[in-house]
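Below you'll find the structure, written out as structure tokens, and then a few comments.
The values are calculated or read from the model by the stated rules, or taken from the named source; none is laboratory data. Not measured: the values here are computed from a predicted model. Positions of Cβ are generated from backbone atoms using ideal geometry, with glycine treated the same way; all protein chains shown enter the neighbour counts.
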Amino acid sequence: MSTAGDGTEVRSAGVVLSRGFRLVCPACGQQRLFRGPFRMLRRCTRCDHDFYPETGYYVGAVYVNVAFTEGLLLAVFVVSFLVNPVVSDRVFLVLAIGALILPLLFLHHSKSLWLALDYLITSRGSSRTSE
């Protein structure tokens with residue numbers, strides 16, 4: 001970790017992204033982002049970083065979630081096709097079930113990674129709060 005000219009801490013992309021994967025605040029890395037299966041905190045209780053800076057903020061997280069889900073399903077399909085070129089109904093059933101379950105399983109990580117990416121791009125090192 002180093003310091004920028006204005007005295008704020010500058011964190012490496014690796015540190016911030018690892019915080020995204022661990023589901024903790026991208027700014028301080030101390031506070032968990034979620035209280036329950038579908039309840040996300042509004043702010044970090046340690047550093048006051050805003051987890052909801054504006055309306056519609058997490059639309060990008062939907063794209064992250066869709067890209068992850070489609071990429072994983074495509075990989076499974078390609079591997080199954082390479083193993084057996086005749087695609088069975090069983091493969092399509094597994095893919096359909098995966099398409100329903102994977103977005104729910106990856107929901108927290110997609111939001112957390114979106115928050116971490118935004119932190120890297122817009123407020124690298126400073127605690128952005130909404131006015």
Across the range 82-120, which residue is surrounded by the fewest Cβ atoms within 10 Å (Cβ to Cβ) among those that are at pLDDT below 90 and of a type in the set (V, I, T)? V86
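Of the residues F34, F106, F51, which is under 25 Å from S12 (Cα atoms), touching a residue at least 12 places away in the same chain (Cβ under 8 Å) and in contact with a Lys or Arg (Cβ under 8 Å, 6 or more places away or on another chain)?
Every option except F51 fails the conditions.
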Please state which of the following conditions L41 fails to meet, knowing it meets all the rest: (1) under 12 Å from L115 (Cβ atoms); (2) touching a residue at least 24 places away in the same chain (Cβ under 8 Å). (2)
Of the conditions (1) modelled with pLDDT of 95 or more; (2) surrounded by 12 or more Cβ atoms within 10 Å (Cβ to Cβ), the single one that L17 does not satisfy is (1)
From G60, G36, which residue is closer than 20 Å to L120 by Cα and surrounded by fewer than 17 Cβ atoms within 10 Å (Cβ to Cβ)? G60
Single condition R46 does not satisfy, out of (1) closer than 19 Å to Q30 by Cβ; (2) more than 18 Å from the chain's Cα centre (by Cα); (3) exposed (fewer than 13 other Cβ atoms within 10 Å of the Cβ): (3)
